[in-house]
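Okay, structure first, notes after.
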Amino acid sequence: MMRESRRYDDACGVARALDAVGERWALLVVRELSLGARRFGELRSGLPGISPNVLSQRLRELEAAGLLRRYELDPPANTTVYELTEAGLGLDPVLQALGRWGATRPVTTDRPLGTIPFLRSLRVLVVPEAPDTEFGLEIGAEQYVVRIAGGVGQVARGRTEEVPVTLVGDVPTLQQALLGGAGLTGLIAADRLQVRGDRARAERLLRLFRLPG
């Protein structure tokens, strides 16, 4: 739990929320866990600006606040993973609102988007007129399924074999394709992107998202 000297001593719900997640990096740790459990090293990779000591401290604080739990994977993994509790998952609408608002702010870093921020951006940037659809994304060894229904996007880990089309590539390439206006043909020709499944459906995916402004 946060040190008493860092508390706001304010009964307002906003202040009480900030008592739990107001420390620097706390909400970004929650963001990195929002699509499922992660190992410590995976959290470090998703938060390249955080030191191991600070990450460990934030994990302890969030666990003490009841927002995440840790557990050991069975052999042969024998490693600790972290996942959000129901209370931690309850912060998702807050992250969505912050992401939507932040998408309108100037970009002040040259550092590329990480995997989880990119996936979450797909939920925020769906165009209102987007038709209901689903597709897969493969980023390294990880598989995700994106579902759009009623102009609202959802992203979850899932088997991409079960969807009609899947895009395979790294985050910068997928960002270029889905958010940057790059055509599929050039990315495929450059061996940066693979399309598995319905190519015509893949082309239609490029019209489902729009950057603000």
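The values are calculated or read from the model by the stated rules, or taken from the named source; none is laboratory data. Just so you know, these numbers come straight off a predicted model, no measurement behind them. Positions of Cβ are backbone-derived with ideal geometry, glycine not excepted, and every protein chain shown enters the neighbour counts.
Residue count for region 72-85 under the criterion of being over 16 Å from residue 34 (Cβ atoms) and in contact (Cβ under 8 Å) with a residue 40 or more places away in the chain: the result is 2. Condition check for residue 69 on (1) touching a residue at least 12 places away in the same chain (Cβ under 8 Å); (2) at positive phi: one failure, at (2). I'd like to know if region 97-115 contains one or more residues that are assigned to a loop (DSSP other than H, G, I, E, B), surrounded by fewer than 17 Cβ atoms within 10 Å (Cβ to Cβ) and at pLDDT 95 or above. No, region 97-115 contains no residue that is assigned to a loop (DSSP other than H, G, I, E, B), surrounded by fewer than 17 Cβ atoms within 10 Å (Cβ to Cβ) and at pLDDT 95 or above.
Looking at the structure I just gave you, is residue 36 surrounded by 13 or more Cβ atoms within 10 Å (Cβ to Cβ), over 25 Å from residue 170 (Cβ atoms) and not assigned by TED's automatic domain parsing to the domain that holds residue 122?
It is false that residue 36 is surrounded by 13 or more Cβ atoms within 10 Å (Cβ to Cβ), over 25 Å from residue 170 (Cβ atoms) and not assigned by TED's automatic domain parsing to the domain that holds residue 122.
Out of everything in region 146-166 that is in a loop (DSSP other than H, G, I, E, B) and touching a strand residue (DSSP E or B) at 6+ places or on another chain (Cβ under 7 Å), what residue ends up being farthest from residue 33 (Cα to Cα)? Before the answer, list the steps.
Just the residues of region 146-166 that are in a loop (DSSP other than H, G, I, E, B), to begin with: 150-151, 158-159, 163-164.
Imposing the further condition that a residue be touching a strand residue (DSSP E or B) at 6+ places or on another chain (Cβ under 7 Å) reduces the set to 151, 158-159, 163-164.
On the way: 151: 24, 158: 16, 159: 19, 163: 24, 164: 27 Å.
This residue is 164.
For region 149-176, a residue qualifies if it is of a type in the set (A, V, I, L, M) and over 19 Å from residue 195 (Cα atoms), and the qualifying residues are 149, 152, 156.
Here region 41-79 is the region considered, the condition is being at pLDDT 95 or above and assigned to a strand (DSSP E or B), and the residue that is farthest from residue 21 (Cα to Cα) is 70.
Evaluation of residue 90 against the conditions (1) touching a residue at least 60 places away in the same chain (Cβ under 8 Å); (2) under 16 Å from the mean Cα position of the chain (by Cα) shows that the sole unmet condition is (1).
For region 135-148, a residue qualifies if it is among the charged types (D, E, K, R), more than 15 Å from residue 195 (Cβ to Cβ) and in contact (Cβ under 8 Å) with a residue 24 or more places away in the chain, and exactly one does: 142.
Within region 50-66, the set of residues being in contact (Cβ under 8 Å) with a residue 40 or more places away in the chain and either of a type in the set (D, E, K, R) or surrounded by fewer than 16 Cβ atoms within 10 Å (Cβ to Cβ) (or both) comprises 61, 64.
Taken residue by residue, region 184-201 has no member that is under 19 Å from residue 152 (Cα atoms) and either out of contact with any strand residue (DSSP E or B) (no Cβ under 7 Å at 6 or more places or on another chain) or among the aliphatic types (A, V, I, L, M) (or both). Just the residues that are within 20 Å of residue 104 (Cα to Cα) and touching a Leu at 6+ places or on another chain (Cβ under 9 Å), please, taken from region 178-213. Selection gives 178, 179, 180, 181, 208, 209, 210, 211, 212.
Can you tell me how many residues in region 167-213 are in a loop (DSSP other than H, G, I, E, B) and either touching a residue at least 40 places away in the same chain (Cβ under 8 Å) or more than 16 Å from residue 135 (Cβ to Cβ) (or both)?
First, pick out the residues of region 167-213 that are in a loop (DSSP other than H, G, I, E, B): 169-170, 179-183, 190-193, 198, 206-208, 210-213.
Now drop any that are not either touching a residue at least 40 places away in the same chain (Cβ under 8 Å) or more than 16 Å from residue 135 (Cβ to Cβ) (or both), which leaves 170, 179-183, 190-192, 207-208, 210-213.
Total satisfying the criteria: 15.
Inspection of region 186-200 finds no residue satisfying the criterion of being surrounded by 17 or more Cβ atoms within 10 Å (Cβ to Cβ) and within 25 Å of residue 44 (Cα to Cα).
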